[in-house]
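What follows draws every value from the coordinates through simple rules; no lab data is involved. The structure displayed is predicted, hence computed values, not measured ones. Cβ atoms come from the backbone with ideal geometry, glycine included; neighbour counts cover every protein chain shown.
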Amino acid sequence: MNTLVRRALAAGAALLACVAMTAGTGSAASAVATPSATTPVALTGPQLAASWTGPLSTRGRYVVDATGSRFKLRSGNWAGAQGTWEGSGSTTDPANNQAGQVSYNLPLGLDRAPIADILAGFHRLGVNSIRLPFANALIHDTVPVPDVAVAANPQLRGRTPLQVYDAVVAALTDDGFAVVLNNHTTGYRFCCGLDGNERWNSGQSTQQWEDDWVFLVNRYRANKRVVGADLRNEVRRDTWDDPNWGLGDGHDEYAAFEEAGNRILQADPDMLVIMEGINWYGIPAAPFSHGRPMLTPVRTLSHTLVDSGKLVYSAHFYAYTGPANTGAASGPGATGDPRYQDFTPEQLAQVVDDEALFVTRSGQHFTAPVWISEFGAGGRGDTDAKAHAWFDAFTAILAANDTDFAVWPLVGWQNAGVPNDSWALLSYDSAGRSLSLEDPGDWRAPYWNRLVTAPSRTGTVAPVDHWNLLDLDHADQNVSRRMLALPDWSAGNRKGDCPDGQRLTGLGRGSSRGLCTDAGRPATGGTTTADWTTVTDERYVTGGDWASGYNKLQCPDGGFAVGYSVRSNAMSALLCAPAATALPTGGRTVWFDHGDNRPASGGSTGSDWAPGSYKGQCADDEYLAGVAYTWKWLHYGVPDALLCRPLG
């Protein structure tokens, strides 16, 4: 989580406090909904296991299980394996660890309570899934954990941190919980700001980070209750550089996450791939541009994976941070920008929609579930009235929008009824006695209960059409499993091909962007490589001259475009797939050389997938059969028109 901000609240701030946040949209009415005294129904392990079937996928804004039924992520973070050491002194001295709690780089609490007791506490809270942070260091750590680290679980003595993590994963999934693996940190240092964990490639190469992910995914591949890979926690600025979204360099989170996500899916097609936005950019001082973009870049540049039903976006939200506020209370990193707790319920609902929940709108290139994978507040003994009001408003927004969530953190320590970290929902003393949010004295209980018991969509979610963006701004975007297994179909050019089962339906003029869809789902025919055609000239132009005076790339009759290639931004080739059954010819010419020419309604018409460029797009009941371009009139070979033909 973002303890830096919490640390700032208690002891002053550090530069670039790594604070996370994002939330759900909601109306003013939802933000003042009545808290609930009704406690969650505590399912047993067998009951929870029987309530869903792995693996998980997505249908529009919803996560669904293997039967197509809604599986709402009612989750909590079981932190600790990312490390709790704060960067100086002995790693096992409580004074040098977050909130005086030493995790020994394992899920917190294994020294205090048996795993079965901890999991029983999770059931009582009403969660069905666990976000399980880890450090990359854990994967490579071969030193057995000290006996004291697992004092309450002696069966784990002599194991390495990864082997203990294995045992925790197995215990959770055997007890019915879904587990999301979360790459929280590179090393065991916690947490945040300038701590060496700012980006996926802080302290390690992007290649090593991806390799670690593939290793873990393969390790748990047989366990279909290990449902997701949460790629990296709270990506933010380091000392010198900001992360970015789409610039094509070594700090490009968009490109790194897409590459890692596709490698994960090639290793295990059943995994959800979970991507958080940019948590912070810029120097937090008045003269400099700075802020917390979160998912806002997704509006115009969303990810396309080799499997369309596997992407989930995520965001974090805390009261003391803000859209341009690090959360620092004073000193370096503190600014006068508003915090989330400063907004009215109506303003908060709008802000969290702008930063995150817009992604759940149906039928757009970015449509996906949004998981608020961290939020929380200090509980027992906390007297911050503004934070309390925020927690009320925020959890009401989540409830009203039926938003997937994960509270931070589930587990902490306590002594004589006083939690070390009052944010924890369950705290254990050295004798294994628990103190729960549901025990008397924790002001958060009615708001938590309202959230967990809120009405939600249940039952079967119908399959949805997809629209996916292709981005050739800097490199290839090959997201077809079929084409990835074949030789380069347009050597020397930047190329993009749609996910298998989708077809090309739109192009941007001069931007190298494209749009794919499976609306109408014409089945692909052909069985050999030769059945796919790379078109580089006019040999397949039939049915008359549909763009007089222009160069034309046209699929053979009976085929539809599934990819394209460019040199600079000029058209080079069209990739065409054969249809399983005969398709109509004829059609219409869609010109977009002087302005957008897109359907008035239908797929992704409510979003801009090629900002700054004119866009041409076929209707949802059409297929793209050709592209026209010219080098005359200073058009430089960019696409000017599409040949759109009816699907039936």
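Overview of values
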{"item": "Length-normalised contact order for the chain - Cα pairs under 8 Å, 6+ apart - percent", "result": "16 percent"}
{"item": "Cα-based equivalent ellipsoid, region 134-181: semi-axes from gyration tensor eigenvalues, Å", "result": "19, 15, 7"}
{"item": "Förster-model FRET efficiency, 22 Å R0, Ser90 and Val148, C-beta, rounded to 0.05", "result": "0.95"}
{"item": "Cα centre as origin, Lys/Arg/Asp/Glu Cβ charges: region 186-333 dipole, Debye", "result": "460 debye"}
{"item": "Whole-number D in µm² s⁻¹ for the chain, Kirkwood Cα-pair radius fed into Stokes-Einstein, 4 °C, 1.567 mPa s", "result": "51 µm²/s"}
{"item": "Rule-of-thumb Rg ratio for region 559-648 [Cα; 2.2 N^0.38 Å; N residues]", "result": "1.10"}
{"item": "Projected area, mean over directions - region 77-141, Cα convex hull, nm²", "result": "5.0 nm²"}
{"item": "222 nm mean residue ellipticity, helices alone, for the chain (DSSP H n ≥ 4; -39,500 (n - 2.57); rounded to 500)", "result": "-5500 deg cm²/dmol"}
{"item": "For Ser572, distant residues with modelled amide H under 5 Å away", "result": "Ser565, Val566, Arg567"}
{"item": "Cubic angstrom per residue, convex hull over Cα atoms of region 385-449", "result": "86 Å³"}
{"item": "Inter-label distance for Arg457 and Ser205, nm, one decimal - labels placed 7 Å from Cα along Cα-to-Cβ", "result": "4.3 nm"}
{"item": "Estimated FRET transfer efficiency (Asp488, Ala431; beta-carbon r; R0 60 Å; 0.05)", "result": "0.40"}
{"item": "Largest to smallest principal axis extent of the C-alpha atoms in region 334-428, angstrom", "result": "53, 30, 26"}
{"item": "Largest-first principal axis extents of the Cα set of region 190-308 (Å)", "result": "52, 32, 24"}
{"item": "Assigned charges on the beta-carbon of Lys, Arg, Asp, Glu; region 443-536 dipole about Cα centre (debye)", "result": "480 debye"}
{"item": "Beta bridges by DSSP in region 250-365, antiparallel share as percent, to the nearest 5", "result": "50 percent"}
{"item": "Given charges at Cβ of Lys, Arg, Asp, Glu: region 39-113 dipole, positive-most of Gly45, Ser57, Ala81", "result": "Ser57"}
{"item": "Cα-Cα P(r), region 179-258, percent of pairs per 10 Å interval", "result": "18, 47, 29, 6, 0"}
{"item": "Counting DSSP beta bridges with both ends in region 353-512, the antiparallel % (nearest 5)", "result": "40 percent"}
{"item": "Count of Lys pairs (Cα-Cα under 19 Å; at least 8 positions apart or interchain) in the chain", "result": "7"}
{"item": "Residue-wise HN-Hα coupling along region 153-161, computed from phi with Karplus coefficients 6.51, -1.76, 1.60 (Hz; x: Gly, Pro)", "result": "9, x, 4, 9, 4, x, 8, 6, x"}
{"item": "Principal axis dimensions, region 424-521 - Cα atoms, whole angstrom, descending", "result": "66, 34, 28"}
{"item": "Rounded to 10°, Cα long-axis angle of helix 206-219 versus longest principal axis of the chain", "result": "70 degrees"}
{"item": "Charge dipole magnitude, Cβ of K and R +1, D and E -1 - the chain, Cα centre, debye nearest 20", "result": "740 debye"}
{"item": "Per-bin percent of Cα-Cα distances, region 369-487 [10 Å]", "result": "11, 30, 22, 14, 14, 8, 0"}
{"item": "Virtual spin-label span in nm between Ser51 and Tyr636, 7 Å along Cα→Cβ", "result": "5.7 nm"}
{"item": "Cα-projected label distance for Asp342 with Asp545, points at 7 Å along beta-carbon direction, nm", "result": "6.4 nm"}
{"item": "Of all DSSP beta bridges in the chain, antiparallel share, percent nearest 5", "result": "60 percent"}
{"item": "Taking the convex hull of Cα positions in region 274-399, its mean projected area over all directions (nm²)", "result": "9.0 nm²"}
{"item": "Mean Cβ neighbour count within 10 Å, used as a protection proxy, ranking 41-53, 427-439 highest first", "result": "427-439, 41-53"}
